[in-house]
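First comes the structure, then the notes that go with it.
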Amino acid sequence: MKKKLILLFFLSHISLFSQKVITKKFKSDELKSTRDLKIFLPKGYVKDSTTNYPLTIILDDEKLANLYVANATLFVRADITPKQIVVSINTTKTANLDFGFHRDNDQLTKSSQNFQYFIKDELIPYMDANYKTSPFLTIVGEGLSANFITYFLKERTPIFNAYVCINPLLPIGINQNINAYALKRYEKEDNEFYFYLSNNPFNNNTKKEKIVGLASFLNNLSIKNFHIKIDDFKNAPSYVSALSEAIPRSQTKIFEKYAGISKKEFEKNIKDLLPLDAIEYLEKKYIDIEFLFGTNLGIRTQDIYAIEDIIIDKENGDYLKIFGKMILNLYPKSPLGNYYIGKYYESGKLYNRALKEYKIAYSKFEPSDPNAELFYENILRLTNR
């Protein structure tokens, strides 16, 4: 456990070293006070570029911000999640005012409602106006602030795409509250939503029971675009370890659409598709990535190869040309688009047209690229023919 904590400490410092961190005193009309913000901009952030970034709001600056940013940086390097803009709010001295609720009816207190308005009507508009944010919004809290997050679920028009509730301190009537929000209405939204909930084995029995009860309630929901992930951490060696593990697990779930095609995704969603459907699946995946996360990845080579066998082996390879054009549309610099179009023409014995596409594919390689020689073999094969 000691080694894990040292690693997390090291990662947080590496992360902060590579991030641009802006501190700001934000004067709020809703709160009639000034709040301390930390704004973490990802490495490579350029204000005048065309790239936008998902926005994540952290409600527990002292406890969660550095841990969240450190993990986000690590996942970006592993190409698991997109780069994010993270803004954390220092609520150390104001937690009971910001996140309080009435014990008799489980509703937010007046000061907590004001804090909600501050986030909705002041903080988010400020971040959108001054930073390059994408439409994908996440909010993260732990304990009392995690419960506060659940009250955003009742907004008529959803504000957040992802709700991360780590070890929440819940009211007795939490299930009745969630039920009253009629979450089925989320199905009418042309968007994806995520709800992450975690428990902690070091909670007292009352707190555990409320979280388990909410988990059971959520598991019975069946909303196609409202994705739920629940972690119990029964075997966590300490309170801190359960907290530190919840952060990466929540990010993995929230940004699952961003990550490359995994074996699980292929087996569940792709392997039985017809070629045209597989092409449309891949195209939609990367269009969604660009829209939601503001990241134009082009297209990952590994994802092209993931559906290659479907395109080649089913229906006599008739969709190779469409496959190649899709790749060129999403990633014009890739040689693979021209390669698959060339392969289509070669299979139809249109050798001159195939040779032209193979030459274009080869021209897109750097001379030092070891794969260039493999592509040149296609040109030699047809030239010799």
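Worth a mention:
- Rounded to whole Å, the principal axis extents of the Cα atoms in segment 2-254 read 47, 44, 38, largest first.
- Length available on full extension from ASP309 to TYR281: 0.36 nm per residue minus the Cα-Cα distance, which gives 8.6 nm.
- Sorted into 5 angstrom bins from 0, the C-alpha pair distances of segment 137-230 split as 3, 14, 27, 28, 18, 7, 3, 1 percent.
- In loop segments of segment 89-153 as defined by DSSP, the trypsin sites (Lys or Arg not before Pro) with at most 10 further C-beta atoms inside 10 Å of their C-beta are LYS93, ARG103.
- P(r) weight above 24 Å for segment 263-384, C-alpha pairs, percent: 29 percent
- Most mobile of ALA182, ALA354, ALA162 in a GNM of the chain (Cα contacts under 10 Å): ALA182
- The chymotrypsin sites (Phe, Trp or Tyr not before Pro) of segment 157-252 include none that DSSP puts in a loop with a beta carbon having at most 10 other beta carbons within 10 Å.
- Modelled label reach - THR50, point 7 Å along Cα→Cβ, segment 280-311 residues with backbone N closer than 16 Å: 287-299
- Of all the options LYS188, LYS154, LYS253, the one that moves most in a Gaussian network model of the chain with Cα springs shorter than 10 angstrom is LYS188.
- When the alpha carbon gyration tensor of segment 172-282 is reduced to an equivalent ellipsoid, its three semi-axes come out at 31, 20, 10 angstrom, largest first.
- Annotation: amide H of THR91 within the under-5 Å range of ASP61, GLU62, sequence separation 5 or more or interchain, hydrogens built in the peptide plane.
- Using the rule -39500 (n - 2.57) for each DSSP H run of four or more residues, divided by the residues of the chain, the 222 nm mean residue ellipticity is -14000 deg cm²/dmol.
- For the chain, the longest principal axis of the Cα atoms and the long axis of helix 66-77 meet at an angle of about 10 degrees.
- Share antiparallel - DSSP beta bridges, the chain, percent rounded to 5: 35 percent
- Value of relative contact order over segment 263-384, rounded to a whole percent, pairs C-alpha under 8 Å and six or more apart: 17 percent
- Loop-located trypsin sites (Lys or Arg not before Pro) in segment 294-356, at most 13 other Cβ atoms within 10 Å (DSSP): LYS333, LYS349
- Sequence-ordered 3J(HN,Hα) estimates for segment 312-319 from the Karplus curve with 6.51, -1.76 and 1.60 and θ = phi - 60° stand at 7, 7, 9, 6, 6, x, 5, 9 Hz, glycine and proline given as x.
- Normalised by the number of residues in segment 144-198, the average gap of Cα pairs under 8 Å and 6 or more apart makes the relative contact order 47 percent.
- Length-normalised contact order of the chain in % [C-alpha pairs under 8 Å, at least 6 apart]: 12 percent
- Where GluC sites (Glu not before Pro) in DSSP loops with at most 16 other Cβ within 10 Å are excluded, longest remaining stretch of the chain: 190-385
- Efficiency of FRET from Cβ geometry, ASP29 and LYS263, R₀ 41 Å, rounded to 0.05: 0.20
- Measuring between their Cα centroids, segment 35-110 and segment 191-251 lie 19 Å from each other.
- The SER111 and ILE223 beta-carbon pair, evaluated with R₀ = 41 Å, returns a calculated FRET efficiency of approximately 0.80.
- Dividing the Cα radius of gyration of segment 330-376 by its Kirkwood radius returns 0.99 for Rg/Rh.
FYI, it's all coordinate maths here, none of it is from the lab. All of these numbers come straight from a predicted model, not from anything done at the bench. Every residue, glycine among them, receives a Cβ derived from its backbone with ideal geometry; neighbour counts consider all protein chains shown.
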